[in-house]
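Asks: I'd like to ask you about the structure that follows.
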Amino acid sequence: MISYAKQIERIYRLNKKKLFSDYLFNLSRMILNIGLPIITLPFVLNRIGPENYGIFSFSNSIISYFTLAAILGIPDYASRAIARLEDRESIKQTASEIFAIQFISVSIALILFFAVFYPLAPLEYKAVFQILSIMIGACYFNTEWFFIGRQKFKYIALRSMIVKLLNVAAILLIIRDGDNSYKYALIVALTNLGNGIVNIAGTLPYLRFKNLELKQHLRPIMILFGLSITGLINTNIDKTLTGALVGPLYVGYYAVGFRLTRIIQQLFSAYFRG
């Protein structure tokens, strides 16, 4: 019979091994997040030009407001709520209730986009808006919060790396000289959709839609939603205003500089964390 002390020591070694494995996978994912834009950004700019890239960046900044409204504060709240649970039945119940709230909020965001915003959108952006609206619909399948709560960091990292590599391959193989922003927007939108479909496939066994109690989750979700609005506005309002005031060409030039600045910030952050 194994002593209690030896059991604790064995659990500690297993947890230490898992933590190290999670660290390596997350480090690999971070390297890809920093390195791949260095490859793809100059390529995309060379093929579609700064003005078309500006059309994409401006449209994407608008879409991000709707995706934020679609997921509310669910990712932050849900990952913490799931992490606190241990038994499978409680996890199923909580995950199902949160997913039901998310389904409703995404549906409302899509209705607002197509019924209110899209008819008033400038004609030159409408095609890209229509393509990027796939990203709002992809929020139906955005259940990464479930895997974060369950501490499936290896799964998250592997899925993220595979999807990003496929995204880069699609950009390099599909986009040609003189293309407009449509192909690039479609690749970005379908990447988000594919990412979500992989997530929901792993979450479905935990979802059941009966005896749901949604009200208990609404208040903390809305509080976190209010906090996340500030961060999104800080990140996107510059591109939105630039596009609205002076046009897509200037957004293209500005977005490139902003993207490069973010890459440099990530490099320094990664260095000092290391």
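Asks: Give the long-range amide H neighbours of Thr143: residues separated by 5 or more places, or on another chain, with amide H under 5 Å away, using H modelled in the peptide plane at 1.01 Å from N.
Replies: Under 5 Å from the amide H of Thr143: Ile200.
Asks: For the stretch 58-236, just say rounded, prolate or oblate: build the C-alpha gyration tensor, square-root its eigenvalues into a ≥ b ≥ c, call rounded for a/c under 1.5, and beyond that prolate if a/b exceeds b/c, oblate if not. Kindly include the intermediate steps, with their values, before the conclusion.
Replies: On the way: a/c = 2.24, a/b = 1.45, b/c = 1.54.
Oblate is the answer for the stretch 58-236, as a/c is 1.5 or above yet b/c matches or exceeds a/b.
Asks: Oh, and also: Could you calculate the contour length gain from Arg80 to Lys92, that is, 0.36 nm times the residue separation minus the distance between their Cα atoms, to one decimal place in nm? Each step should come with its number before you reach the end.
Replies: Values: separation 12, 0.36 × 12 = 4.32 nm, distance 1.45 nm.
The span from Arg80 to Lys92 would gain 2.9 nm if fully extended.
Asks: Give, as a single signed number, the net charge of other residues whose beta carbon lies under 14 Å from the beta carbon of Ala127, with Lys and Arg counted +1 and Asp and Glu -1. Mind dumping the intermediate values first?
Replies: On the way: positive: Lys126, Lys183; negative: Glu124, Asp179.
Counting the neighbours of Ala127, the net charge comes to 0.
Asks: What ranking do Leu227, Leu166 get, fewest neighbouring Cβ atoms within 10 angstrom at the top?
Replies: Placing the least packed residue first, the sequence is Leu227, Leu166.
Asks: What's the FRET efficiency of Leu166 with Glu213 using the Cβ-Cβ distance as r and R₀ = 35 Å, to the nearest 0.05? Walk me through the intermediate numbers first.
Replies: Details: r = 39 Å, r/R0 = 1.11.
Computed FRET efficiency for Leu166 and Glu213: 0.35.
Asks: Let me ask something else about it. Please compare each pair in Lys92/Lys164; Lys183/Lys215; Lys92/Lys183 to a cut-off of 32 Å on the Cα-Cα distance and tell me which ones are over it. Write down the numbers at each step before the final one.
Replies: On the way: Lys92/Lys164 29 Å; Lys183/Lys215 41 Å; Lys92/Lys183 39 Å.
From Lys92/Lys164; Lys183/Lys215; Lys92/Lys183, over 32 Å: Lys183/Lys215; Lys92/Lys183.
Asks: Shifting gears a bit: Please arrange Phe58, Phe141, Phe113 by counting, for each residue, the other beta carbons lying within 10 Å of its beta carbon, fewest first.
Replies: Phe141, Phe113, Phe58
Asks: Assign unit charges at the C-beta atoms only (+1 for Lys and Arg, -1 for Asp and Glu), then state the dipole size of the stretch 58-236 relative to its Cα centre in Debye, rounded to the nearest 20. The partial results should precede the final answer.
Replies: Working: 16 positive and 10 negative charges, 81 e Å.
Charge dipole, the stretch 58-236, about its Cα centre: 380 debye, nearest 20.
FYI, it's all coordinate maths here, none of it is from the lab. Note that the structure is a prediction, hence the values are computed from the model and not measured. With ideal geometry, Cβ positions are generated from the backbone for all residues, glycine too; neighbour counts draw on all protein chains shown.
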